[in-house]
Each structure stands twice: as structure tokens, then as C-alpha cells.
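Accompanying notes for the structure given below.
The values are calculated or read from the model by the stated rules, or taken from the named source; none is laboratory data. Since this is a predicted model, take the numbers as computed values, not measurements. Here the Cβ positions follow ideal geometry from the backbone for every residue, glycine too, while neighbour counts run over all protein chains shown.
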4 protein chains.
Amino acid sequence: MHDYPVSTTFRVEYGDTDGQGRVFFANYFLFFDRGRFAYWERLGLSAEDIRRIEHDCVVVEAHCTYRAPAAFYDLVSVHTRVANLGRSSFRVEYVAVNDSTNTPMAEGYTVLVHVDVARNTSVPLPVELKARIQAFEGHRLND
Amino acid sequence: MHDYPVSTTFRVEYGDTDGQGRVFFANYFLFFDRGRFAYWERLGLSAEDIRRIEHDCVVVEAHCTYRAPAAFYDLVSVHTRVANLGRSSFRVEYVAVNDSTNTPMAEGYTVLVHVDVARNTSVPLPVELKARIQAFEGHRLND
Amino acid sequence: MHDYPVSTTFRVEYGDTDGQGRVFFANYFLFFDRGRFAYWERLGLSAEDIRRIEHDCVVVEAHCTYRAPAAFYDLVSVHTRVANLGRSSFRVEYVAVNDSTNTPMAEGYTVLVHVDVARNTSVPLPVELKARIQAFEGHRLND
Amino acid sequence: MHDYPVSTTFRVEYGDTDGQGRVFFANYFLFFDRGRFAYWERLGLSAEDIRRIEHDCVVVEAHCTYRAPAAFYDLVSVHTRVANLGRSSFRVEYVAVNDSTNTPMAEGYTVLVHVDVARNTSVPLPVELKARIQAFEGHRLND
């Protein structure tokens, strides 16, 4: 996971699971969201910064490939990186690992676009945020 | 169910269930919400009316007593009534029945308060809405 | 939508929305699930058949491209087709339309694999189900 | 909060919120669940113990009184105690506090019954668990 510089770990809760006794497939995206929040914190963003960037970005694409399930109270880690950084959009990639069974669970990504919510148009990412991501990801971002 | 004048029926979906193979307890409140939306429609409210009243009300109390479970794709009916109607608040009561097993699943209520969202204070219910509820419920409301 | 032979229509509920006032991106997958359940019903499957096939299939891939938002109580239609049908897996494609704004909301797919849950291996799809899907989709499946 | 001996703290996530920009009322019960899981951990239960007790208990009653909202990325603490301990059932009480606004958010409870899932009847709570709860709560349980 050395290419995914930020990690966060949590337990699967009852509300995450479904009638098959495993995490419901759509809830992996909530886990990925946790990965992105951890990433923002690692960049040093304040709670207020995180509220603003998450409010001002919309998800335009989401994808997940499922490898193995996780059951209630399994320990799950999500490892996160920013893989693409455009003018107004960026792609965040996630790998989820079931630490209780030591098994890769899933990998996926979301593409987010920075928007002017009122005018419903894309607008450039904040310069300061972009600089922080570039400094943090370094060469990984350009490979 | 003759005391609950409005009913709505739907199937349990996979996302509603949890690791015990039954509807997750907190999701009963989503089912109750469907009962209230059906109630508004039965009163003749437009989609725009429903958006406004639901946006302008906050839940201040919620309760559920659980009788029997429901599994994926069971048919569930929610029967709804308004049981109390105050100046700015009202209490909506719900009975959920598992039609697939012909078993009462749960009963519960939510108390909602009409608020001025910007000022965060309770304000009187719209006169027109109150009149419609009173006309529809009739003597049931005053028993 | 003539290439998506099954449609189902419903209202956005409060629990579907998020702090941006629109349907939370992960919940589009719950909407897609409704499309697949409607598809099974259209094929003539019984509730028991639907319980079995949904229990015996796991999602191995999920994707969504987001076009436009939907707000509370908007009317949403999901149009569904089976686009690929393999030995043990199949790919279901969905288009969601916001009927209240007459705008395409999203398109996406899920790939499901029929498994022997106990042994955790893929097994061939039921012959009868496969035949029904092929008869129903006809040439669309082979284009 | 000195009467609620176990606390856990977390951030509000986007999926927790609804179209009013605050935590959706039904999701408070997911927060309460986190409180109970933290309680089990504090008692020294292993992950396997927690999986077993949560699987073998069903919620028979749930209640919440809402005091103040919480928005995305607010810091929330849930404080938890066991308030009643019967032969096969127990009542867990929760207080949620919005630490970001320093405001009590809600208080509530869930009543759980230990069941024989296969036979669908209540059965006595495990002696060992009961003893641990009694030792931990001490006089609070008998007030």
C-alpha cells in the first residue's frame, strides 16, 4: 500500500451490513469517503476547510471492484491517494483491506469536480489546495 | 387498521436489511417516513407542498416498538394517522405490517415541529394544512 | 430508453438525500437495485425466486456516471437491461432519469456473479433464469 | 456525563446528513449503536464476543429525543450506559453531544433482548456478560 499514502481504520457496523451478512456493496463508497476525509486531514485541512471543499465538490463518477467481503465488526482499512489532478476535477483512488481476514476487499475511485453550486458550473480548484496535494503526492501524481 | 386511514405498500430492498437477514431497526423510520409521504399525498398536497412541509419541519421525537422481523423482498404495508395536532407540532403514528407473513412488524411515532429554519424557532403550522388534517382525521384526532 | 426494456418509477425520500440537498451519490446504487428488482418481476419471477437469485449473487463491480442531481420528492425513473450474460456472471445496465426536471441523472452498471455461498465459488447461472433473460432481451443481448 | 461511563467520538460524514444539511434523524440510531459497541469494548469483550452478542440480540424498542442538529464534519460524542438489566433483556441509554457547537444533540435508548435466533424465543443473557455489566455499572444500575 506504499502508493496510497493515507490510511484510516475502523470497524464494520451493523448498519453497514446487509442480508447476506456482509457489507452492502453500496456502503463501500461510504468507506471510500472516510478515506478521502482522512486524506484531507493528513494534508492539514481544518474541519472548516473540509466542510467547504466537500460542499463545493460533486461526484461525477464512482467505481468499485469487489474482491472479498467483510462481516460485522471486521476491522477495515482504507488507503487513499489522489491519482489525477485537473483544472477543476480530481480523481481519488481507494483500496480497502479487511484487516480481520488480512484480505484485500475492494479497490475503487471517485472523480470529483469543483463547482460553483449556485451557478452549477465547474470552477478551478482552489490554488492552495492544489498546491498542497501536489506537494504531498509528489512524483506519484505524475507517474 | 381502520384507525390508520392511509396505507402504502412496498417491498423490502437489500439495502434495508442487515447482517441478521432482516430489516435493520433504524430503517423502520425510513418506512415510517414513506407512510407520512403517502399521507400528504392522500390529503391532496402537491409535490411542491410536500417538499416545503418536509423541509420546514424537524423531528423532535421518534419511537418504535418492534414486534416481528421482515426479510428481503417481503411485502410491507405502513398505515399512518395524525394523532395530535398542536400549534406548531404534530404527532404522526405508524403501524407496519409484514404482509408476506401476515404479521404486525412494528408500531411507532414521530413528533414533528414546524420551524423557521433561518431563525431556528418553532412557528405555527400553515393554517391550510392544519385544516386539511382536521377535516381528514375528523373525530379520530380528538378521541 | 427503448434499449432499456424495464422501467420503475419512485419518489426521492428524505433519507436518500445528503447535506448538499440532493441524492447522495452512493444511494444511486440503491436506485439501480430497484431497477433490477423490477426487471426480475417483469421476467415473471416470484418473490421467492427473487429472494433466491439476489441471495445467491454477489456484486463484483459497480460503476456510476453522474449527470444531474435529484432533490427530495423528485420523481425518478430507472430503466434497466441485462447487457452481458456469461456462464456464471451477468452485467446489468441502468439509466436513471429525473422525471421532475426531465433530465438524465446517471447511468451505471453492476456486474453480478452467481455463487455457491457456502463454498464461496462461482457456479453456473440457473438454466431457467438464463433462458428467460435471453428470450426477453433477444437481439439486444447479442449486439 | 458522569452517569454515562463510556464515550466515543467521531465526525459526521456526508452520508449521515440529509437534504436539510443536518444528520438525518434515523441515523442517530447508528450513532447510538457506535456508543454500544464502544461500551462492549470498554467491558473488555473481544471482537468475537461483540459479534456474538450483537448477532444474538434483537432491538425491541428504540427511542430518541432530538435537541439540536449536527452538520457535516461536526465532532459528535456518544455517551453510553446500561440502565436496566433483566433476565434476557437490557436497556442501553445514550446521550449524543455535538462537540463542535458544544450542544447536547439528543438522548435516547434501545431495549435489546437476547434471543435464540433459530427458535425465535428470548433466552437468558450470558451469565458472564451480565456479571461484567453489573460490576462495571455498580450502583448506577440499581438507582
Taking C:G44, is it crowded, with 19+ Cβ neighbours inside 10 Å and over 13 Å from the mean Cα position of the chain (by Cα)?
no
Do we have any residue at all in segment D:33-56 that's assigned to a strand (DSSP E or B) and modelled with pLDDT of 95 or more?
no
Which numbered condition trips up B:F25, out of (1) within 14 Å of chain A (Cβ to nearest Cβ); (2) more than 15 Å from D:A26 (Cα to Cα)?
(2)
May I ask you to verify whether A:R87 is among the basic types (K, R) and either within 26 Å of D:Y28 (Cα to Cα) or under 15 Å from the mean Cα position of the chain (by Cα) (or both)?
no
For segment B:85-142, give me the residue count where each residue is among the hydrophobic types (A, V, I, L, M, F, W, C), in a helix (DSSP H, G or I) and without any contact (Cβ under 8 Å) to a residue 60 or more places away in the chain.
4
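Conditions (1) in contact with a strand residue (DSSP E or B) (Cβ under 6 Å, 6 or more places away or on another chain); (2) modelled with pLDDT of 95 or more; (3) surrounded by fewer than 19 Cβ atoms within 10 Å (Cβ to Cβ), marked per residue:
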site	(1), (2), (3)
D:E93	yes, yes, no
D:V97	yes, yes, no
D:S100	yes, yes, yes
D:M105	yes, yes, no
D:T110	yes, yes, no
D:V113	yes, yes, no
D:V117	no, no, yes
D:P126	no, yes, yes
Kindly establish whether B:G15 is part of a loop (DSSP other than H, G, I, E, B), over 23 Å from D:P69 (Cβ atoms), within 12 Å of chain A (Cβ to nearest Cβ) and free of Cβ contacts under 8 Å to residues at least 40 places away in the same chain.
no
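Quick one: which residue in C:A38, C:A70, C:A62, C:A26 is within 12 Å of the chain's Cα centre (by Cα) and crowded, with 22+ Cβ neighbours inside 10 Å?
Step by step, each of C:A38, C:A70, C:A62, C:A26 is checked, and only C:A62 is within 12 Å of the chain's Cα centre (by Cα) and crowded, with 22+ Cβ neighbours inside 10 Å.
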Note down all Cβ pairs under 6 Å where the first residue falls in segment B:38-63 and is more than 9 Å from chain D (Cβ to nearest Cβ), the second is part of a strand (DSSP E or B) and surrounded by 16 or more Cβ atoms within 10 Å (Cβ to Cβ), and they're at least six residues apart or on different chains.
B:A38/B:V6; B:A38/B:T8; B:Y39/B:V6; B:Y39/B:T80; B:R42/B:V6; B:D56/B:H114; B:C57/B:L112; B:C57/B:H114
